[in-house]
Structure formats: structure tokens, C-alpha cells
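Nothing in this text is a laboratory measurement; each read-out follows from the coordinates by a stated rule. Keep in mind it's a predicted model, so treat the numbers as computed, not measured. Don't worry about glycine lacking a Cβ; one is built from the backbone with ideal geometry, like all the others, and counts go over all protein chains shown.
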Amino acid sequence: MKIAVLGGDGFVGWPTSLHLSNEGHDIHILDNLSRRWIDTELGVQSLTPMDSIQERTRIWYQETGRRIHFHLIDLARDYDLLKGWLASERPDAIIHFAEQRAAPYSMKSDRHKNYTVNNNVSATHNLLNAMVETGLDAHLVHLGTMGVYGYSTVGAAIPEGYLPVGIDTMAGETVKQEILYPANPGSIYHMTKCLDQLLFQFYAKNDGVRITDLHQGIVWGTHTDQTRRHVQLVNRFDYDGDYGTVLNRFLIQAAIGYPLTVHGTGGQTRAFIHIQDSVRCIEIALKNAPRRGERVKIFNQMTETHRVRDLAELVAKIAGAKVAYLPNPRKEAAENELVVQNEQFMALGLDPIRLAEGLLSEVVDVAKKYAYRVDRSRIPAVSAWTRDIAPTLDRDPEGKALKSVS
Ligand code: USQ
């Protein structure tokens, strides 16, 4: 298949591009390299040394004889360029990762909120609009998030996208329907993914666009089989307070002797998936496209759930780290249960990589190898969800005063 990977330079996009190229697909990465610009804006860098996208693809060709093509296109801004590219290249499938994906970054300031909404919603809409306009019947696979559901505890498992409901009619009957599970975003970033869902629902119904939406949990780990093939194919690894996600942050913190930064009581339960499983799920989703006219296919792309403080205790045990319980920069439930259905991927053959001490130690080893690249001052999470929360974030986990955040 000819596959366009939008956002193919990112944390999940890059290993996905390698995985699918290795399977023999013709891969075209479309990316505006915004993630690299955001690193510059924030004054941070990936823990692992990353080469330019052109260098990465050159090394891939050298190692495998397979070409990955790169096109510098900003989906949210370059509508005509995108439409022209789709019209001439006519990919069989499109994987859409091209969105600003960090909740804390999206909550940093009014400017970051605007950027996240404008970028994410325009990118998704431009893409759908251009697909229809060019008459392209490609299968669109979108990387969504478990966060659209809001991790609520109602004593029932979260279904895969759709909730069966009974509606009482005026005639006194109960009509059964399946509706999108009520959206309940916890950040501006998560809200954009809820808006994406509605765009998908409309374009599938109105224009018959074939769409799969993957509601993914928190990704952990860094290597996949393909990124391991050469040191210059290494994946990015974020540890800073905006882009670092919880388990990967704990692992790097443990590696450099920094207290593990638990927000609040650590009673938040979240869904997780290993990076290798993430790329496998995308391959499975590609092989199981919906038919034209079918509603959006939604998969829960996660393999297990964990409570944040349990993860901190596990990492502390393996690596001998201290745990710091900090004021929570986010407005979120202090404690929640989370049960999630993921039967669809399991039925299609996913054999999950479970969180295990061996794999955690592997990431700690990567972190130790590159520990000299860590800027400890970028570890604290200082993006406050509300003005009231900002003044509570005045100390880092080592007790040093932090600059006040407004
Ligand atoms: N947390 C800590 N300490 C930290 C970092 C985070 O306790 O140092 C807590 C947060 O307060 C939160 C939980 O860990 O309760 C998860 O935070 P996270 O930064 O690991 O994940 P999140 O902001 O939800 O976002 C990440 C990805 C996003 C994806 C989402 C999947 O950045 O792109 O959509 O995970 S999910 O969480 O399932 O919605």
C-alpha cells in the first residue's frame, strides 16, 4: 500500500513509519516538524539524540534498501499544498498523527490554547475536506486518545467508542441507539480530540469517508524492533514537564536520582500501552478498514491500566528512587477507577507486551546512557490548569524555589 503518515517525525509517527516500511509499504511522511520547533521554544531536547528527518530516512535506506519519502507540509496552514499532494499521490491509506499532543503544553497560556485548537482542529478538517474534494477513497486512521472518555468511574467498563442507550419516545416506546460515548475532556488538548470525533462522524455519514479512530492510552517505552536497527534510527524520548508522559518520566527520573514526581496522591488511574504494541495496533487497524458508508470504527488502543502511585512505587523498587508527592498542576480527579474494553484488538491478534520489570529496566538503561543530556531544571511540571493552581507550584521536588508561573 501507499501510505501517507501525517506527523511521521513524532514519537509514535516515526516508529510507525519504520514498521510499515519494513512490512513493504510505500511510506510518505508529511510533517511540518513542529515538534522540533516546540523543543526549541521550550528550551528542551529529546533525551535520545535525534537526527534530522532527512538523515533518519537516509540511514533507513542504507540499512534496509527501502525509501521513506519526506514532504514538508503544514496540514493546518497549507491546505492547497495538501490537496495538491493528495490529488497527485493518491495514497491508499492515511495515518493522521499530525496534532499537538501534550495536555500540559496546551494549558500553558492563552496563546498555547489557541495554537493547540487552531492547529489540531484545522489539520483534521483540512484533511477530511481535501480527501472529499479530491475524491480520494483512502482509509483514514487517526490517533485519538483515551482522554475523550474522561476516565470516569461509573462502575462500568468504558466501551470502544459507542454507548448503547435507550431513548424514551413520545409514543411511550424505548428506542435503542448507539451514540458516541459522552465526551469529557480534561485539557484543551483532549478537547481537540473530542472535536475531531465529531468531524469524523460527520464526514463518514455525509461523504462516506472510511475512518478508524484509535483511542490510545499513555505510551511508554522508547525502542521498537525497527528503531533498534541503527543508533541513528533511535526514537525521541521526552522527559520534560510538558511533553514527558508519566511512566517514561518516572523511569528517567529514577535513572538520574531525581525524586519521582507524583501529582497529588497519585490516585489517578490511566490506561497504558507499550510503543511496540502501539505500532502493531496501527498495522492491525490498517488491515481492518471499515467499508464505505460504515460509521467510524473506534478501537481502544490500550493494554493495561495502572494507578500513578503504584507505578511510582514499582519504579522506586526497581531503581531505588525516592517518591515525591507534589501539588497537582492539573484539575483532575484525585482518585479514579478505570476499566476499559479492548476486545477488538485482542480478537484481531494483538498479543500485548505487559509492563514488566525487565522492560522497565531497559528504559532505565537507555535513560542512564543519555543522562548527561538531561536538564534537571526542565523536569518540574509547571503548566497550571487554572490561575488558582499556579501559585501552589512554587517548589521543585528537590525543594528549590521555582519561578512563579502566571
Ligand atoms: N502525572 C504525574 N506525574 C508526572 C506526570 C504526570 O503524576 O510527572 C500524572 C498526571 O497528573 C495524570 C497522569 O499522570 O494524572 C497522566 O499524565 P501524562 O502526562 O502521562 O498523560 P496525559 O497528559 O494524559 O497525555 C498523554 C499523551 C497524550 C495522550 C494521553 C492518553 O501526551 O497525547 O492522548 O496520554 S490518555 O492519558 O489515556 O488520555
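In region 326-359, which trypsin sites (Lys or Arg not before Pro) fall in coil by DSSP and have 11 or fewer other Cβ atoms within 10 Å?
On the way: sites: ARG330, LYS331, ARG354; in loops: ARG330, LYS331, ARG354.
Answer in residue order: ARG354.
Take the cross-link list LYS193/LYS297; LYS113/LYS176; LYS176/LYS205 and give me the ones stretching past 27 Å between alpha-carbons.
Working: LYS193/LYS297 15 Å; LYS113/LYS176 38 Å; LYS176/LYS205 19 Å.
From LYS193/LYS297; LYS113/LYS176; LYS176/LYS205, over 27 Å: LYS113/LYS176.
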If you take every DSSP beta bridge whose two residues both sit in region 66-224, what share of them, in percent to the nearest 5, is antiparallel?
40 percent
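Using 0.36 nm times the number of residues separating MET1 and ILE59, minus their current alpha carbon distance, what extension gain do you get?
Numbers: separation 58, 0.36 × 58 = 20.88 nm, distance 2.21 nm.
Taking 0.36 nm per residue and subtracting the Cα distance, the gain is 18.7 nm.
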Between the alpha carbon centres of region 65-82 and region 165-220 the gap in Å comes to 29 Å
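As an exercise, find the ratio Rg/Rh for region 282-381 from alpha-carbon atoms, using the Kirkwood inverse-distance average for Rh.
On the way: Rg = 18.6 Å, Rh = 17.6 Å.
Result for region 282-381 is an Rg/Rh of 1.06.
Enumerate by residue number the GluC sites (Glu not before Pro) in region 342-406 meeting two conditions: DSSP loop (anything except H, G, I, E, B), and at most 16 other Cβ atoms within 10 Å of the site's Cβ.
The qualifying sites are GLU398.
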Residues MET131, MET302, MET1, MET170, sorted so that the one with the fewest Cβ neighbours within 10 Å comes first
MET170, MET1, MET131, MET302
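Tell me the mean residue ellipticity at 222 nm calculated for the chain from its helices only (DSSP H runs of n ≥ 4, each -39500 (n - 2.57), averaged over every residue, nearest 500).
Numbers: 12 runs with 143 residues, N = 406.
Result for the chain, helices only: -11000 deg cm²/dmol.
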Where Rh is the Kirkwood radius over the Cα pairs of region 232-322, the temperature 10 °C and the viscosity 1.306 mPa s, what D in µm²/s does Stokes-Einstein return?
103 µm²/s
Once you keep just the Cα pairs under 8 angstrom separated by 6 or more residues, what percentage relative contact order results for the chain?
18 percent
About the Cα centre of region 57-101, what is the dipole size in debye to 20, counting +1 per Lys and Arg Cβ and -1 per Asp and Glu Cβ, all else neutral?
140 debye
Please find the FRET efficiency linking VAL154 to HIS230, where r is the Cβ-Cβ separation and R0 is fixed at 35 Å, and quote it to the nearest 0.05.
0.15
Once you wrap a convex hull around the alpha carbon atoms of the chain, what is its projected area averaged over all directions, in nm²?
20.3 nm²
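Using the 10 angstrom Cβ neighbour count as an exposure proxy, how do ARG291, ARG378 rank, fewest first?
Values: ARG291 8, ARG378 17.
Going from least to most buried by this count: ARG291, ARG378.
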Which one, VAL117, LEU140, SER152, is farthest towards the positive end of the dipole of region 1-155 when Lys and Arg carry +1 and Asp and Glu -1 on their Cβ?
SER152
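When a/c is below 1.5 the answer is rounded, else prolate if a/b is larger than b/c, else oblate, so apply that to region 133-194 with a ≥ b ≥ c taken from the square roots of the Cα gyration tensor eigenvalues.
On the way: a/c = 2.50, a/b = 1.29, b/c = 1.93.
Note, shape of region 133-194 comes out oblate.
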For the chain, modelled as a GNM with alpha-carbon contacts under 10 angstrom, which of ILE59, ILE27, ILE94 fluctuates the most?
ILE59
Determine the percent antiparallel among the DSSP beta bridges restricted to the chain, to the nearest 5.
25 percent
Okay, which of region 292-330 sit inside 19 Å, backbone N to the point 7 Å along the Cα-Cβ direction of GLN341?
295-305
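Give the order of ARG58, ARG35, ARG387 when sorted by the count of other beta carbons within 10 angstrom, beginning with the fewest. Could the numbers behind the result be given before it?
Working: ARG58 15, ARG35 22, ARG387 9.
Exposure proxy ranking, most exposed first: ARG387, ARG58, ARG35.
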Sparse-neighbourhood loop hits (GluC sites (Glu not before Pro), region 144-187; DSSP loop; Cβ within 10 Å at most 12 others) -> GLU173
Projected onto the charge dipole of region 92-223 (+1 at Lys/Arg Cβ, -1 at Asp/Glu Cβ, origin at the Cα centre), which of TYR203, THR222, LEU163 gives the Cα projection farthest towards the positive end?
THR222
Between region 90-146 and region 14-29, the alpha-carbon center distance in angstrom
20 Å
In whole angstrom, how long is each semi-axis of the equivalent ellipsoid of region 164-280, when you take the square root of 5 times every eigenvalue of its Cα gyration tensor and sort them from largest down?
38, 21, 12
